[in-house]
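A short worksheet on the structure shown next.
The values are calculated or read from the model by the stated rules, or taken from the named source; none is laboratory data. All of these numbers come straight from a predicted model, not from anything done at the bench. Glycine also receives a Cβ, built like all others from the backbone with ideal geometry; neighbour counts cover every protein chain displayed. Calculation scope for accessible area: heavy atoms of the full protein, side chains included, ligands and nucleic acids excluded. Shrake-Rupley method; radii C 1.70, N 1.55, O 1.52, S 1.80 Å.
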Amino acid sequence: MKRTLYLLTFLLLAVAMTSCKAFHTLADSNQKTSQGRPYELIVVATQPVWTGELGDSLRAVLAAPIPYLPQQEPEFDVLRTTPDGFKNIVAEHRNILKVLVDPSVKEAAVGVEYDVTAAPQIMLTLQGPSEQAIIDYLAEHGDKLVQVVKMAERDRALAYAKKFGMPGIEQAIKESFGVEMNVPKGYILAAHSNDFVWARYEYPEASQGFMVYGYPYKSDEALTVQALVEARNRFAKRIPGPSDGSYMITSPIFEPDLRTFRLNGRMWVEMRGFWDVEGDFMGGPFVSYTTVDTSTGYIFTLDCYVYAPKLPPHKRNLMHGLEHLLYTVKFPDTAAPTE
C-alpha cells in the first residue's frame, strides 16, 4: 500500500508530520524489503541536471556537513542514477529523490510516496517548470526536505527499538526516574543507581553510549550552558576511562551549543559538544537532552556520546542512532506521541 502527498508548502509537512500515523504506510505482505544503508539516498536525475547548477544546489542541500562531529560528514551519502537506470534493485532503495523538470508544471513542489516498490521506503519527487524554479524551491525548503527523509530513517529505528528492546535497561530507567524508554537490542547496562543509568553498545571499532541522570531543579539558571556542563561533568565522572583514575569530562576547549525545542508538549534543552577523558587521550561528540519534570521537581537528562577513533567518516549514523532515543521517552503525564 502506498500513500502520496503532493505539497505546495513543504514547511507544513515537516512541522505537522513528525511522528503521526498518517506519515506511515503498511506494506503488502509480499512486498520486497528495501535496499541500501541508513542515511543513504539515491537521486534520480538526468546527466545535464546533475552536472549543472541544479545538481550543485541538490548536493549543497543533501550533502551539507553535519555540525558538531570531529570530522566532516554529510547529511546523506548521495548516490545518483539516471531515469533509465532507475529500475530493478535500484528502484527498491530505502530513500529515493526523483528530480523532474516539466514545463507543464505550474510551480515547484514535492510529492512524497511510501513503500512504492519495497518497504520501508520513502520516495520523493521534486518537480518544477524549470531548473531555476527548483533551485529557488530548494533555497527556501531544502532543509525541510532533508528533515522529512531523516524522519523516515528515525521512524524505522524507533520501530526496531520497540520490537527488539532491552527490557533490563528499560526497567532500570523506569525504576530510577519513573520514565518509560525504548532501548534497542545490543546495549548493555553498565551502571545503575537511583539518579544515574549508564548503558553502552560496543562495536569492534566504536562505542555508543548514553547516560540518564536526574537532580533537583532549583531555578531557571539550571538550564544555562554553564550549569548544564557542570551537571554533566558531575555524572560523566562516573564513566571511567581506560587508565586508572581517568574519567569522562566535557571538553573545555569547545563551548557546547544550546537550543530549546518542544516535543510532545514538553520543553527540552538540547546541548551539543565534545567530550574528553580526564587523565587520558580519548574524545568524541555528545548530545544531551534536558527537561524539567514538573511533577517531581527534578531535572531529567538523556546524555548520548560516541567514541569511534578508527571510523572518522562514520560517526553520523552512530550519533543519529542515539538521538532517536529521545523520541522513545515517555513521562507518566505524557500522552502518546501525536506530532
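Results, tabulated for the structure shown:
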| read-out | value |
| --- | --- |
| Evaluated at q = 0.11, 0.14 Å⁻¹: base-10 log I(q)/I(0), Debye formula over Cα of the chain | -0.79, -1.18 |
| Separation of alpha-carbon centers, segment 237-255 and segment 155-215, rounded to whole Å | 21 Å |
| Segment 104-205 - convex hull of the alpha-carbon atoms, volume per residue in Å³ | 175 Å³ |
| Accessible area (Å², 1.4 Å probe, nearest 10) - residue 84 | 130 Å² |
| Under the Karplus curve 6.51 cos²θ - 1.76 cosθ + 1.60, θ = phi - 60°, whole-Hz ³J(HN,Hα) for segment 200-207, x wherever Gly or Pro sits | 9, 10, 9, 10, x, 10, 7, 9 |
| Neighbourhood net charge (14 Å Cβ-Cβ; Lys/Arg +1, Asp/Glu -1) for residue 85 | +1 |
| Of all accessible heavy-atom area on the chain, the percent that carbon and sulfur account for (1.4 Å) | 54 percent |
| Potential extension, residue 51-residue 193 segment - 0.36 nm per residue separation minus Cα distance | 45.5 nm |
| Virtual spin-label span in nm between residue 185 and residue 296, 7 Å along Cα→Cβ | 2.9 nm |
| Principal axis dimensions, largest first and in whole angstrom, of segment 250-339 by Cα | 42, 25, 19 |
| Accessible surface, the chain, averaged per residue in Å² (probe 1.4 Å) | 48 Å² |
| For segment 40-96 and segment 267-339, distance of Cα centres in Å | 28 Å |
| Residue-span extension gain [residue 64 to residue 79] - 0.36 nm each, minus C-alpha spacing | 4.0 nm |
| By accessible area with a 1.4 Å probe, ligands and nucleic acids excluded, highest first: order of 294, 125 | 294, 125 |
| Estimated [θ] at 222 nm from DSSP helical runs (n ≥ 4, -39500 (n - 2.57)) normalised by residues in the chain, nearest 500 | -8000 deg cm²/dmol |
| Charge context of residue 305, other residues only, Cβ under 12 angstrom, K/R +1, D/E -1 | +1 |
| Residues of segment 245-259 with amide N under 15 Å of the 7 Å Cα→Cβ point at residue 225 | 250-259 |
| Net charge of neighbours whose Cβ lies under 14 Å from the Cβ of residue 172, counting Lys and Arg as +1 and Asp and Glu as -1 | -2 |
| log10 of Debye I(q)/I(0), alpha-carbon scatterers only, for segment 168-231 at 0.27 Å⁻¹ | -1.09 |
